[in-house]
Structure formats: C-alpha cells, structure tokens
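Enquirer: Okay, here's the structure, questions in a sec.
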There are 2 protein chains.
Amino acid sequence: MVSRAESAAATRRALLDSAAELLDEGGPEAVTLRDVAARAGVSRGAPYGHFADKESLLAAVAAEGWERLGDEIAAQQGSPSDRLRGALAVLVTIGRRCPHRYRQMFGAPAGEETGMLINASCRAQEKFLAIVSELVDERDVHRYGGLLFTGVSGIIAAELSGYFATGTWHTSADELVDTLVTTIADGRAQRPVHPR
Amino acid sequence: MVSRAESAAATRRALLDSAAELLDEGGPEAVTLRDVAARAGVSRGAPYGHFADKESLLAAVAAEGWERLGDEIAAQQGSPSDRLRGALAVLVTIGRRCPHRYRQMFGAPAGEETGMLINASCRAQEKFLAIVSELVDERDVHRYGGLLFTGVSGIIAAELSGYFATGTWHTSADELVDTLVTTIADGRAQRPVHPR
DNA sequence: CTCACTCATGTGACGATGTCATATGGTCGA
DNA sequence: TCGACCATATGACATCGTCACATGAGTGAG
C-alpha cells in the first residue's frame, strides 16, 4: 500500500494542482478552499493539514509558478541576445496563458509564506540576471537587468488590464517589449554606461 | 434642509471616501461593505442604492484614483523634460503613499464598471502622452510613451512587492526609473528612431 | 504479533460577509 | 394636501474561512 507520508504528499500535490486550476479558471475569488478540496478528492478541513490558510495555499501556487518560470528562463539556448529575448518571451507567454496566476505571482505577497514566495521569485530573477550579465558590463547588470525584468512585467500587466485593446496607446505589448530590449540591451551592450 | 438628490450625492461621496480609507488601511480584503457603510454612517444595504456590488464600488474608487493621477500629471510645469519626470514621479509617489489603491488601479478591471474604469485610466494616460509628444517625434509618441508609463508602473509594482528590499536586484526603483527615462526620453529625443 | 500512539483526514459548528426581498419614511410633483 | 417615488433600514439566506473535535488507518516498540 501507500505509506502515510506518500499519501500526504500526494494530497498536498493534488491540493496545489486543484488550486492552480481554479485560479487559472476564475481568478483568486474563484479559489474556494471547499472547491479546492473537492477537486482534490478530500474534505473541507484537509487543506489545513498542509497549508496555514488560503493565503498560504495561493502563495505556494505562486511560488511554483516562479520556479517554473525560473526553469524556463534557465532552459533558454542560443546567443546571449537570443536567451535574453527568449527569457522575456517566457514572461510574456506565462502572463498571457495564465493571467490570474501571473497576477498572483507579481501581486502583493501576503500571509505567512511571504518569505518563501519572495525567495522563489529571487531565484528565478537571478537566473535572468545571469543572462543579462553576458550582455552588459558587470556594473550595469542589476540596473539594466532589473529594468528589463520589471519593465516587461509592467508591460504585460498593462496588456492584461486591457490597456492595449482600447486605443489609448496605439501600440502592442510585443512592440513595447521589443523596443525596450532593443533600446536597453542592444543599444547599451557595445557602449556600457556606468553611474558617474 | 438638504434635498433628496443632495443627500444621495453626499451618501455616495461618503461611501467612496470610506471605501478608499479602508482600502488604503488594509487592502481590498479589508474593504467590507458593512464597514464601508458604517464608516459612512449608513446601513448595510445602502451601498446597493449607489453601486451594483462590491467590485463596482472598488472600481469607482480606482477610477477616482485615475482621475486624480491625471490631474496631477496635467498640473506639471516647467520644461517638457521636467514635466515628464514630474509626471512619472507622481506615479511613484501614489504607488508608495497608497499601495493598495495603486494595485487596485493597475490591477485587473472587474465587474460592471470595467468600461468606466478603463476610460478613466485612458484619460489620465492621454495626459501623459501629451507631455511625451513634446519630447519625441510624433511617430514615436505611443511607442515611447507607452514604454515609459507601463515600464514605470512595473518598476513600482516590483518595489511594492518588496523585490528591491531583498537583495536580488541590488538597485532601487528610483534608479530604474531614472535609467529608463534617461535612456528612452533623453537618449531618443534628439535622434528619433522610427520603425523601418 | 499486538497494542498504544501519531497524524492526516472527516465532520460539525460558528462568525463574517455579499447579496437580495421587503418594509419604511421622508421628499417631490400635482 | 395627497399619492408616488426613491433612498435607506432591516431581516434573511447562502457561501466561505476557520477551528475544535472525532475517527481511523498506518507505525513503531515491546
């Protein structure tokens, strides 16, 4: 038979998967601990044996999203410039495919699992910085890397809010990402600009 | 005495102010229709005479935030470059002073008031574009304006999530904003780059 | 092999909350 | 002055997060 530890681990996994599904389908409001438990095949109180509360469960889902994002960033291949554009494209793709999970990842960390969530995001962001470090001068890595990552995340957030579909900006998220990476990375790679 | 219309308008205003206060104090989860009504001095059911549901009330609060943001952007004075940096500084200031309201403004629009909220944000964003149009070539206004606005919003969101306080980026939101506006606006003002 | 123990899970319950149906009381037009 | 209208108040209901307690199966010591 299955040991008790294996059963508990499977339950935890099923809870995480069910929560991620409900999050993707209907946003955080649609993630009901009762529905999560039902979809995982357990009862209402079972999640409390694995997560402190609903916020912690959602934080764990977001942390797994950061881990997957970090893996996909690290899996980029080709020239440093290709890997940079590929990594940012991963960000765009995740935002479009799972907008609610994306907002959960980039939203305000809350609950007891805040530290764990921040750590997961930092690990992914450092993998991104590793790519940037091959393109710009050592002293500009954090400056330009942070600008690229946070800038693209803002562009995606604007697209998810529908700001590119209402005719104000007359542009697209893809064009803005391309402009940003071209201006920052390609433009500054040859002639790094250091703080005075 | 006060007319009925005046009384209703005052109630609506009190509801909006109370909701904004509760939002700033404890985030969207802390905005309880019961608390909003109590702080406004009315009963639980009163808000439903002015707003369809809780989402609509929060959307109305966010829309007023966009209006105030647009006013402060339009109030910038000095050279075009000063007005651009001032407008972006307004964005940063609002995000730091009222993080929850900021997230409500830039978060996913929901509820019946989505259109109204999008319109309010577009009005503010167009005032920002008016400043940008004085700095870059006409054909680059939307491209660089959108990049500046959405990029800075992403930088602020990262700061609100605590990503600059955990030692990953080794930089600050202010430095990133300065780098972005310097690279984009100042760098491209003299020599506009058009799509091929 | 047995038995007490441990811990994940199931179940009942409670307070809080969003929302609606209905009652009510004051205001405005005729 | 009177009847309609409308903002508000109140009661009620379903849902949800959360906890206390019960239960039952896996586990290790003897």
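The values are calculated or read from the model by the stated rules, or taken from the named source; none is laboratory data. What you are looking at is a predicted structure, and each value in this text was computed from that prediction instead of being measured. Cβ sites come from the backbone with ideal geometry, for glycine too, and all protein chains shown count toward neighbours. Side chains are part of the model used for accessible areas, which takes the heavy atoms of the whole protein and leaves out ligands, DNA and RNA. Shrake-Rupley method; radii C 1.70, N 1.55, O 1.52, S 1.80 Å.
Enquirer: Which distances, in nm and shortest first, link the residue A:166 label point to the same label point in every other copy, taking 7 Å along Cα→Cβ?
Expert: So the distances to the same position in the other copies read 3.1 nm.
Enquirer: Another question about this same structure. Once the label point is set 7 Å along the Cα-to-beta-carbon vector, what list of distances in nm do you get between residue B:108 and its counterparts in the other copies?
Expert: Here residue B:108 shows inter-copy label distances of 1.8 nm.
Enquirer: Still on this model: Could you check the simple spin-label distance between residue B:134 and residue A:3, using points 7 Å along Cα→Cβ, in nm with one decimal?
Expert: Between residue B:134 and residue A:3, the simple spin-label model gives 7.1 nm.
Enquirer: If you scale each eigenvalue of the Cα gyration tensor by 5 and take the root, what three semi-axes come out for chain A, rounded to whole angstrom and sorted largest first? Before the final figure, lay out the partial values.
Expert: Values: eigenvalues 260, 76, 35 Å².
In descending order, the three semi-axes are 36, 20, 13 Å.
Enquirer: Still on this structure, I have one more. Would you mind counting up the charge near residue B:112? Only other residues with Cβ under 9 Å from its Cβ, with Lys and Arg at +1 and Asp and Glu at -1. If you can, show how the numbers build up before the last one.
Expert: Details: positive: none; negative: B:53, B:55, B:113.
Overall, the nearby charge balance is -3.
Enquirer: With the full set of protein chains in place, find how many percent of the accessible area of segment B:1-50 is carbon and sulfur; take the probe as 1.4 Å. Mind showing how you got there, number by number?
Expert: Numbers: 1540 of 3070 Å².
On segment B:1-50, the fraction of accessible area on carbon and sulfur atoms equals 50 percent.
Enquirer: Look at the axis of the rotation that sends chain A onto chain B, then give the chain A residue with the nearest Cβ and the distance in whole Å.
Expert: Residue nearest the A-to-B axis, with distance in whole Å: A:154, 1.
Enquirer: Convex hull volume of the Cα atoms in segment B:1-50, per residue, in Å³? Before the final figure, lay out each step's value.
Expert: Values: hull volume 3.3 nm³, N = 50.
For segment B:1-50, the hull spanned by Cα atoms encloses 66 Å³ per residue.
Enquirer: Moving to a separate point now. Averaging sequence separations of C-alpha pairs under 8 Å and six or more residues apart, then dividing by the length of segment B:1-130, give the relative contact order as a whole percent. Show your work: numbers first, answer last.
Expert: On the way: 127 pairs, mean separation 38.1, N = 130.
That works out to 29 percent.
Enquirer: If you don't mind, there's one more thing I want to ask. Tell me what chain A gives for mean residue ellipticity at 222 nm when only DSSP H runs of n ≥ 4 count, each as -39,500 (n - 2.57), the sum divided by the residue total, rounded to 500 deg cm²/dmol.
Expert: On the way: 8 runs with 126 residues, N = 196.
The helix-only estimate for chain A comes to -21000 deg cm²/dmol at 222 nm.
Enquirer: Compute the separation of the alpha-carbon centres of segment A:96-141 and segment B:33-56 and state it in Å as a whole number.
Expert: Comparing the Cα centres of segment A:96-141 and segment B:33-56, I get a distance of 38 Å.
Enquirer: For Cα pairs less than 8 Å apart in space and 6+ apart in sequence, what is the mean separation divided by the residue count of segment B:64-189, i.e. the relative contact order in percent?
Expert: Working: 103 pairs, mean separation 35.8, N = 126.
Once normalised by length, the contact order is 28 percent.
Enquirer: Chains A and B: what accessible area do they bury, summed, in square angstrom to the nearest 100, with a 1.4 Å probe?
Expert: Numbers: alone 10680 and 10670 Å², together 17800 Å².
Using a 1.4 Å probe, the pair buries roughly 3500 Å².
Enquirer: Moving on. What accessible surface, in Å², does a 1.4 Å probe find on residue A:55, ignoring ligands, DNA and RNA and rounding to the nearest 10?
Expert: 80 Å²
Enquirer: Then there is this: How far is residue A:4 from the same spot in each other copy, in nm, shortest first, if each label point sits 7 Å from Cα toward Cβ?
Expert: 6.8
Enquirer: When every alpha-carbon pair in the protein assembly as shown is counted, what percent end up more than 37 Å apart? Please report the intermediate quantities before stating the final value.
Expert: Working: 19803 of 76636 pairs.
Distances greater than 37 Å cover 26 percent of the Cα pairs.
Enquirer: Ok, one more. Rounded to the nearest 10 degrees, what's the angle between the helix A:4-26 long axis and the longest principal axis of chain A, both from Cα atoms, 0 to 90?
Expert: The angle comes out at about 60 degrees.
Enquirer: Give me the net charge of residue B:155's neighbourhood, meaning all other residues with Cβ under 11 Å from the Cβ of residue B:155; Lys, Arg count +1, Asp, Glu -1. Intermediate values should be presented prior to the final figure.
Expert: Working: positive: none; negative: B:159, B:174, B:175, B:178.
Charge balance near residue B:155 sits at -4.
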